[in-house]
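S.K.: First, the structure itself, so that you have it in front of you.
The values are calculated or read from the model by the stated rules, or taken from the named source; none is laboratory data. Just so it is clear, the structure is predicted and the values come from calculations on it, not from any experiment. Don't worry about glycine lacking a Cβ; one is built from the backbone with ideal geometry, like all the others, and counts go over all protein chains shown.
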Ligand code: PMP
């Protein structure tokens with residue numbers, strides 16, 4: 001690097017510092033990402049990441065799906081495809097969504113590179129710098145990252161054990177409107193919330209829709225965990241109650257495997273064309289190979305039975321986590337999810353989950369600090385624990401270690 005380069009930037013680590021677009025300032029390494037490196041050491045019990053337990057999948061069946069695709073349609077699988085995704089898979093996605101009461105047409109389904117890309121595309125389509133996105137408090141760290149990268153202003157709306165609170169939504173909208181702010185959409189994870197572990201009640205769903213309709217606010221419904229319930233299925237999707245005001249996002253990451261990177265958006269007809277154009281501009285087409293293997297897997301496997309297997313695995317792990325919290329950390333409070341991957345733990349105000357993390361890692365347990373899930377610095381007294389990946393025994397051990405850290409901090 002030349003000394004001129006250093007002078008140009010005022011930052012001696014990155015000579016291009018002053019050349020970045022303003023929106024690059026919104027790109028910060030998430031707290032979860034920094035943790036992955038630490039938590040992947042084998043001696044650490046990681047309650048931090050959200051990695052599905054893919055070892056529960058029928059590996060042979062996936063291998064044979066790949067083989068069938070290559071044998072029967074190799075050249076197509078290895079070629080570029082259409083920007084909206086392959087029609088056969090989009091038909092099958094309609095069957096998956098029908099389980100949650102959603103009706104749609106193949107035309108309005110767009111397959112994406114994970115639902116994460118759908119989040120990016122929708123934000124790109126709707127957000128100018130400074131526009132407001134409403135999101136639950138707390139919300140998915142990966143969505144907050146996308147919203148920031150488009151310079152959105154994320155405003156959180158309170159939730160409780162029944163999900164987003166309609167009255168809080170009403171008040172937040174009125175307050176923002178009073179300030180002349182532009183609210184573009186409500187981002188919500190109604191089922192088995194990441195990170196809060198709660199589900200929006202059936203009673204509240206029509207009310208949330210009414211409020212958004214009355215205020216001309218689009219809803220972005222993100223539902224990757226919806227089919228992973230432990231007892232009762234989740235109430236029907238918001239999209240099943242409103243076809244014009246909701247963009248629905250789904251994913252095969254949790255019901256099959258994230259490695260395929262296949263998710264989808266079901267958009268109102270008016271939006272779908274723009275979504276396809278944005279997808280084409282971003283990636284030309286989603287992976288033909290991945291889509292075709294997923295499609296073949298859906299055709300030749302008992303995928304509903306496989307989802308039942310996952311539900312059993314995660315249910316056992318969730319029970320292990322709740323039992324361990326009850327036994328080892330009776331002084332804290334936590335959510336008890338009916339599905340999904342996560343428990344949200346609230347600690348006494350004197351404890352700071354971010355400050356406490358290095359000590360926890362020293363004690364060989366990792367979690368995600370609550371601050372990762374807020375755009376406004378809140379969450380210091382909370383943490384997300386995930387039960388999807390470690391075995392029940394490891395979960396017990398992890399929570400026991402966590403208790404010794406918490407009690408150490410409290411000087412018990
Ligand atoms: N939304 C939520 C709420 C998630 O938890 C995740 C994955 N952690 C995603 C979207 C992205 O999933 P994918 O891109 O793998 O479909």
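S.K.: Residue under question is residue 180, and the condition is that it be surrounded by fewer than 16 Cβ atoms within 10 Å (Cβ to Cβ) and either assigned to a strand (DSSP E or B) or more than 10 Å from the ligand (Cβ to nearest atom) (or both); does it hold? Walk me through it before giving the result.
M.R.: Working: surrounded by fewer than 16 Cβ atoms within 10 Å (Cβ to Cβ): yes; either assigned to a strand (DSSP E or B) or more than 10 Å from the ligand (Cβ to nearest atom) (or both): yes.
The answer is yes for residue 180.
S.K.: Out of 87, 129, 58, I need the residue that is away from the ligand (no atom under 16 Å from the Cβ), under 17 Å from residue 255 (Cβ atoms) and touching a residue at least 12 places away in the same chain (Cβ under 8 Å). Which one?
M.R.: On the way: 87 fails: under 17 Å from residue 255 (Cβ atoms); 129 fails: under 17 Å from residue 255 (Cβ atoms).
Criteria check complete, one pass: 58.
S.K.: Quick check, is residue 345 touching a strand residue (DSSP E or B) at 6+ places or on another chain (Cβ under 7 Å), modelled with pLDDT of 95 or more and either more than 30 Å from residue 67 (Cα to Cα) or in a loop (DSSP other than H, G, I, E, B) (or both)?
M.R.: Criteria met by residue 345.
S.K.: Tally time: how many residues in segment 133-143 are buried (at least 23 other Cβ atoms within 10 Å of the Cβ) and more than 13 Å from the ligand (Cβ to nearest atom)?
M.R.: Residues in segment 133-143 being buried (at least 23 other Cβ atoms within 10 Å of the Cβ) and more than 13 Å from the ligand (Cβ to nearest atom): 2 in total.
S.K.: Pick out, from segment 44-140, the helices (runs of 4 or more DSSP H) lying fully within it that include 3 or more residues that are more than 21 Å from the chain's Cα centre (by Cα). Show your work before the answer.
M.R.: Working: elements: 59-77, 87-98, 114-126.
Qualifying helices (runs of 4 or more DSSP H): 59-77, 87-98.
S.K.: Hey, among the residues in segment 365-412 that are on the phi > 0 side of the Ramachandran plot and under 25 Å from the mean Cα position of the chain (by Cα), which one's surrounded by the most Cβ atoms within 10 Å (Cβ to Cβ)? Let's see the steps before the verdict.
M.R.: First pass over segment 365-412, keeping only residues on the phi > 0 side of the Ramachandran plot: 377, 379, 411.
Filter again for under 25 Å from the mean Cα position of the chain (by Cα), leaving 377, 379.
Details: 377: 7, 379: 23.
Ranking the qualifying residues of segment 365-412, first place goes to 379.
S.K.: In addition: So how many residues does segment 144-161 have that are touching a helix residue (DSSP H, G or I) at 6+ places or on another chain (Cβ under 6 Å), outside any strand (DSSP E or B) and more than 14 Å from the ligand (Cβ to nearest atom)?
M.R.: Summing the residues that are touching a helix residue (DSSP H, G or I) at 6+ places or on another chain (Cβ under 6 Å), outside any strand (DSSP E or B) and more than 14 Å from the ligand (Cβ to nearest atom) in segment 144-161 gives 4.
S.K.: While we're here: Go over the candidates 109, 155, 146, 122 one by one and state the one that is buried (at least 22 other Cβ atoms within 10 Å of the Cβ) and closer than 17 Å to residue 374 by Cα. Lay out the reasoning, then the answer.
M.R.: On the way: 109 fails: closer than 17 Å to residue 374 by Cα; 155 fails: buried (at least 22 other Cβ atoms within 10 Å of the Cβ); 122 fails: closer than 17 Å to residue 374 by Cα.
Matching residue, one of 109, 155, 146, 122: 146.
S.K.: Find the residue count for segment 348-387, including only residues that are in a loop (DSSP other than H, G, I, E, B), touching a strand residue (DSSP E or B) at 6+ places or on another chain (Cβ under 8 Å) and either within 18 Å of residue 319 (Cβ to Cβ) or touching a residue at least 40 places away in the same chain (Cβ under 8 Å) (or both).
M.R.: Our first condition is that a residue be in a loop (DSSP other than H, G, I, E, B); within segment 348-387, this holds for 348-352, 363-364, 367, 374-381, 387.
Still in the list and also touching a strand residue (DSSP E or B) at 6+ places or on another chain (Cβ under 8 Å): 364, 367, 374-376, 378-381, 387.
Among the residues that remain, those that are also either within 18 Å of residue 319 (Cβ to Cβ) or touching a residue at least 40 places away in the same chain (Cβ under 8 Å) (or both) are: 364, 367, 374-376, 378-379, 387.
Final tally of qualifying residues: 8.
S.K.: Say we look at segment 166-176 and pick out the residues that are surrounded by fewer than 22 Cβ atoms within 10 Å (Cβ to Cβ) and in contact (Cβ under 8 Å) with a residue 12 or more places away in the chain; which of these is farthest from residue 335 (Cα to Cα)? Full working, then the answer.
M.R.: Initially, segment 166-176 is screened for residues surrounded by fewer than 22 Cβ atoms within 10 Å (Cβ to Cβ), giving 166-168, 170-172, 174-176.
After this cut, where a residue has to be in contact (Cβ under 8 Å) with a residue 12 or more places away in the chain as well, the list is 166, 170, 172, 176.
Working: 166: 20, 170: 25, 172: 24, 176: 30 Å.
So the residue we want is 176.
S.K.: Please verify whether segment 399-406 includes one or more residues that are part of a helix (DSSP H, G or I), without any contact (Cβ under 8 Å) to a residue 60 or more places away in the chain and in contact with a helix residue (DSSP H, G or I) (Cβ under 9 Å, 6 or more places away or on another chain). Even if it seems obvious, please write down each step before you answer.
M.R.: Going through segment 399-406, the residues part of a helix (DSSP H, G or I) turn out to be 399-406.
Restricting the remaining residues to those that are without any contact (Cβ under 8 Å) to a residue 60 or more places away in the chain gives 404-405.
With in contact with a helix residue (DSSP H, G or I) (Cβ under 9 Å, 6 or more places away or on another chain) added as a condition, the list becomes 404-405.
Yes, segment 399-406 has at least one match.
S.K.: Would a scan of segment 56-63 turn up a residue that is within 21 Å of residue 313 (Cα to Cα), in contact with a strand residue (DSSP E or B) (Cβ under 8 Å, 6 or more places away or on another chain) and surrounded by 13 or more Cβ atoms within 10 Å (Cβ to Cβ)? Outline the logic, then answer.
M.R.: Start the filter on segment 56-63 by keeping residues that are within 21 Å of residue 313 (Cα to Cα), which leaves 56-62.
If we keep only those that are in contact with a strand residue (DSSP E or B) (Cβ under 8 Å, 6 or more places away or on another chain) as well, we get none.
No, the conditions are met nowhere in segment 56-63.
S.K.: Report, by residue number, each residue of segment 298-314 that is in a helix (DSSP H, G or I) and either more than 19 Å from the chain's Cα centre (by Cα) or surrounded by fewer than 17 Cβ atoms within 10 Å (Cβ to Cβ) (or both).
M.R.: Of everything in segment 298-314, those that are in a helix (DSSP H, G or I) and either more than 19 Å from the chain's Cα centre (by Cα) or surrounded by fewer than 17 Cβ atoms within 10 Å (Cβ to Cβ) (or both) turn out to be 298, 299, 300, 303, 304, 305, 306, 308, 309, 312, 313.
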